[in-house]
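Novice: Just passing along the structure, written as C-alpha cells.
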Amino acid sequence: MSSNHFASFFNLKIVSNVQVTAGLRSYTGVSRILDVYGLWTLGKKTQLRLSVNNLLHHDVLQSSQFSDQDGRKSRRSVHTG
C-alpha cells in the first residue's frame, strides 16, 4: 500500500517601520517564504520525504537609523533569501 502527501507553507511578513526609541528607527521590508514538501510511503516501513525550503529566495531589505546630538546615521543591509 502506498500513499502520497504534499503540503506547502507560505509565510508573508509585511513592512515594519518602528520607532524603537526617541533616537532609533528600524525598518524591515516585505518578506516572503515558501516551503514545500512531499511524502511518499513506499512500504510498511519505508517512507521518502523531499523538502524544499525558501523556494522563492526573496531578498529582504533591513535598515536602521540612529539620531543623536551629532546628527543622523543610517545603516542599510539586504539579507538574501
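Values quoted throughout were computed directly from the atomic coordinates according to the rules given, and no laboratory measurement underlies them. Since this is a predicted model, take the numbers as computed values, not measurements. With ideal geometry, Cβ positions are generated from the backbone for all residues, glycine too; neighbour counts draw on all protein chains shown.
Novice: Restricting attention to strands (runs of 3 or more DSSP E) lying wholly within the stretch 41-81, give those where 3 or more residues are touching a residue at least 40 places away in the same chain (Cβ under 8 Å).
Specialist: Passing ranges, in order: 60-68.
Novice: Please indicate, with yes or no, whether at least one residue in the stretch 11-18 is farther than 24 Å from Phe66 by Cα, among the hydrophobic types (A, V, I, L, M, F, W, C) and surrounded by 14 or more Cβ atoms within 10 Å (Cβ to Cβ).
Specialist: no
Novice: What number of residues in the stretch 45-73 are in contact with a strand residue (DSSP E or B) (Cβ under 8 Å, 6 or more places away or on another chain) and of a type in the set (Asp, Glu)?
Specialist: 1
Novice: Among the residues of the stretch 37-54, are any closer than 30 Å to Asn4 by Cα, of a type in the set (Phe, Trp, Tyr) and surrounded by 14 or more Cβ atoms within 10 Å (Cβ to Cβ)? First the steps, then the outcome.
Specialist: Keep residues of the stretch 37-54 that are closer than 30 Å to Asn4 by Cα, which gives 37-54.
This time we only want the ones that are of a type in the set (Phe, Trp, Tyr), so: 37, 40.
Filter once more, so that each one left must be surrounded by 14 or more Cβ atoms within 10 Å (Cβ to Cβ): 37, 40.
Scanning the stretch 37-54 turns up at least one residue that is closer than 30 Å to Asn4 by Cα, of a type in the set (Phe, Trp, Tyr) and surrounded by 14 or more Cβ atoms within 10 Å (Cβ to Cβ).
Novice: Search the stretch 59-78 for residues being under 15 Å from Thr21 (Cβ atoms) and among the hydroxyl-bearing types (Ser, Thr, Tyr), and hand back the single one that is surrounded by the fewest Cβ atoms within 10 Å (Cβ to Cβ).
Specialist: Applying the filter and picking the extreme gives Ser67.
Novice: Also, quick follow-up: When both residues are 6+ apart or on different chains and their Cβ atoms are under 9 Å apart, which pairs have a first residue that lies in the stretch 1-21 and is touching a residue at least 40 places away in the same chain (Cβ under 8 Å), and a second that is of a type in the set (Val, Ile, Thr) and surrounded by 10 or more Cβ atoms within 10 Å (Cβ to Cβ)?
Specialist: Close Cβ pairs (under 9 Å, with a partner that is of a type in the set (Val, Ile, Thr) and surrounded by 10 or more Cβ atoms within 10 Å (Cβ to Cβ)) amount to Met1/Thr41; Ser2/Thr41.
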